[in-house]
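The values are calculated or read from the model by the stated rules, or taken from the named source; none is laboratory data. Given the structure is predicted, the values throughout are model-derived calculations rather than measurements. Positions of Cβ are generated from backbone atoms using ideal geometry, with glycine treated the same way; all protein chains shown enter the neighbour counts. Remember, those area values only see protein heavy atoms, side chains included, never the ligands or the DNA or RNA. Shrake-Rupley method; radii C 1.70, N 1.55, O 1.52, S 1.80 Å.
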Amino acid sequence: METPEFKRGFRGYDSDAVDQAWAESERQLSEANAAHKELRLQINSLREQNSEWGNRLKYYEQIEKDLRDALVSAQRIANQVKDEATIQAEELLQSARSESEVILSEAAHLSESKEIEADNMLIEKRMEIVQLEEQIQGLIEQKTELQTLADQVRQYLDKIKDLIM
């Protein structure tokens, strides 16, 4: 606000100029009061917003804390599950190896017994072959003897036939 300068008149200052300055001062004061009230309202509104934002910030900070706690808990649980799964996998692997060794051992024993059985059968079959070959040889010899006898009989029959005729 500017300080007004008044002209001096007959009994002091010019009353119209003073009244006009007074009216202008009242108007400016009224405007300043209105602006002051508006600024106060804005300040109160900003304080309320600030309080609301502060509450929201606290709320989000709590959510962040809860999420971090949940994440840490989830990581702990995930590590625990992973460790348990690793232990179970190792146990299953060991069990499978043991079972595999038992099966392989049983298979080896079965294979050995089957091999011995097959060898025994082979020996028996070879002996049967040898016996059959001996029988065949005997039959061949008998055939030869019978052939010789048949030839002799034919010769005798031919002689008898010649004698008869």
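Numbers below:
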{"item": "Acute angle (nearest 10 degrees) that the helix 15-164 long axis makes with the longest principal axis of the chain, alpha-carbon atoms", "result": "0 degrees"}
{"item": "Stretchable slack from residue 13 to residue 163, in nm (0.36 nm times residue separation minus alpha-carbon distance)", "result": "33.5 nm"}
{"item": "Student exercise, segment 95-165 dipole from Lys, Arg, Asp, Glu Cβ charges, in Debye to nearest 20", "result": "560 debye"}
{"item": "Additional length obtainable on full extension of the chain from residue 59 to residue 37, 0.36 nm per residue less Cα span", "result": "4.7 nm"}
{"item": "Accessible carbon and sulfur surface of segment 58-165 relative to its total accessible area, %, 1.4 Å", "result": "59 percent"}
{"item": "Projected label distance in nm at residue 139 and residue 98, using a 7 Å step from Cα toward the beta-carbon", "result": "6.1 nm"}
{"item": "Test item: Cα-centred dipole of the chain, Lys/Arg +1 and Asp/Glu -1 on Cβ, debye", "result": "940 debye"}
{"item": "Mean ellipticity per residue at 222 nm, deg cm²/dmol - from DSSP H runs of n ≥ 4 across the chain, formula -39500 (n - 2.57)", "result": "-35500 deg cm²/dmol"}
{"item": "Two-site label geometry, residue 48 and residue 153: point separation in nm, points 7 Å out along Cα→Cβ", "result": "14.4 nm"}
{"item": "Correct choice for Rg/Rh (Cα atoms, Kirkwood Rh) that was computed from the model, options [x] 2.08; [y] 0.97; [z] 1.24", "result": "[x]"}
